[in-house]
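The values are calculated or read from the model by the stated rules, or taken from the named source; none is laboratory data. Keep in mind it's a predicted model, so treat the numbers as computed, not measured. Positions of Cβ are backbone-derived with ideal geometry, glycine not excepted, and every protein chain shown enters the neighbour counts.
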């Protein structure tokens, strides 16, 4: 697909620097820890932030920054982008209908046609009956739905969504997620979606961008990155354990930090860096080395326990210096039977068939 966006830019006072290509029709989920730079990326694209180095390009044309000796900054209102922030930011003196119609009207669409389009988008987001209300008469969730309707009404070249469902009631979110997925798919809409919700990622995004410490830590197909997360944050985001080390054979690796060895399903290259993933539900804990069917067993120490609904998440430090972490999800009954408390020495066991082994990507992240 042809490139639609190129962000090769930095913002010095935010410690942010990115080199990222977005192709036309890509729906890209942007994830990362709080403060990593996710919203900074969206603000650079939208024009709310100017880069202090590099440039932002749309189909090869300069939007912001310095490129090939030219300097420019196209203001946000002149970019045919929609930007849904975590705050709705509606015009308080306009009705809901007028708020949504504002975008088409500002692009030269006649009043009647703009109102017709606005009403269609309000009905699609479940707010048709509130068209004549003012923003002050809306709940926070309703105002955010108006913001989403407004974003869709202008048929943007790129839609930017910063935690679009964060303020919504849980009963409304699934329908809006379906609406966005259908629009993105039917129109081959280019989009960037900042989110902390794994369901948003798997249901809306064909591509995934991971930002850590103001840098792009990984970028690739969603399914590929989620199945083989390259960083600890992404592994936790997906709900997997991530362990790192060096390959011994195609199916065995030695863990860093003198944490033991793991065998599993994979195709490693002997002597090269490797990583392993295993679900917390696949990890069982024992007070002595387990016997019986062949399995991995790693010695560790209980670091802490946390109740998460019907399970207890048990975090274990591995190795003599606690260099790597492993999580096991146990029932409260199992925790009580083993009398697990912080400081308890345990053996964490997992079947080789439940451990996935991957070569580490060049540079330690990405594909």
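In region 182-259, which strands (runs of 3 or more DSSP E) lie fully inside it and hold 2 or more residues that are under 30 Å from residue 12 (Cβ atoms) and at pLDDT 95 or above?
190-194, 207-212, 215-221
Are any residues in region 50-103 in contact with a strand residue (DSSP E or B) (Cβ under 7 Å, 6 or more places away or on another chain), at negative phi and not in a strand (DSSP E or B), and if so, which ones?
Result: 50, 51, 52, 74, 79, 85, 86.
Which of the residues spanning region 327-359 are crowded, with 17+ Cβ neighbours inside 10 Å and in a strand (DSSP E or B)?
327, 328, 329, 330, 346, 347, 348, 349, 350, 357, 358
Which of the residues belonging to region 110-160 are surrounded by fewer than 18 Cβ atoms within 10 Å (Cβ to Cβ) and outside any helix (DSSP H, G or I)?
110, 126, 132, 133, 134, 139, 155, 157
Of the conditions (1) touching a helix residue (DSSP H, G or I) at 6+ places or on another chain (Cβ under 9 Å); (2) surrounded by 19 or more Cβ atoms within 10 Å (Cβ to Cβ); (3) touching a residue at least 60 places away in the same chain (Cβ under 8 Å); (4) over 30 Å from residue 87 (Cα atoms), residue 192 fails just one. Which one is it?
Single failed check for residue 192: (4).
Can you pull out the residues in region 11-34 that are in contact with a helix residue (DSSP H, G or I) (Cβ under 8 Å, 6 or more places away or on another chain) and either more than 21 Å from residue 165 (Cβ to Cβ) or assigned to a strand (DSSP E or B) (or both)?
11, 14, 16, 18, 20, 27, 29, 30, 31, listed by residue number.
Hey, among the residues in region 296-326 that are in a loop (DSSP other than H, G, I, E, B) and touching a helix residue (DSSP H, G or I) at 6+ places or on another chain (Cβ under 7 Å), which one's farthest from residue 261 (Cα to Cα)?
321
Against the conditions (1) surrounded by 21 or more Cβ atoms within 10 Å (Cβ to Cβ); (2) touching a residue at least 60 places away in the same chain (Cβ under 8 Å); (3) touching a helix residue (DSSP H, G or I) at 6+ places or on another chain (Cβ under 9 Å), where does residue 38 fall short? Just the number, please.
Among (1) surrounded by 21 or more Cβ atoms within 10 Å (Cβ to Cβ); (2) touching a residue at least 60 places away in the same chain (Cβ under 8 Å); (3) touching a helix residue (DSSP H, G or I) at 6+ places or on another chain (Cβ under 9 Å), the lone unmet condition for residue 38 is (3).
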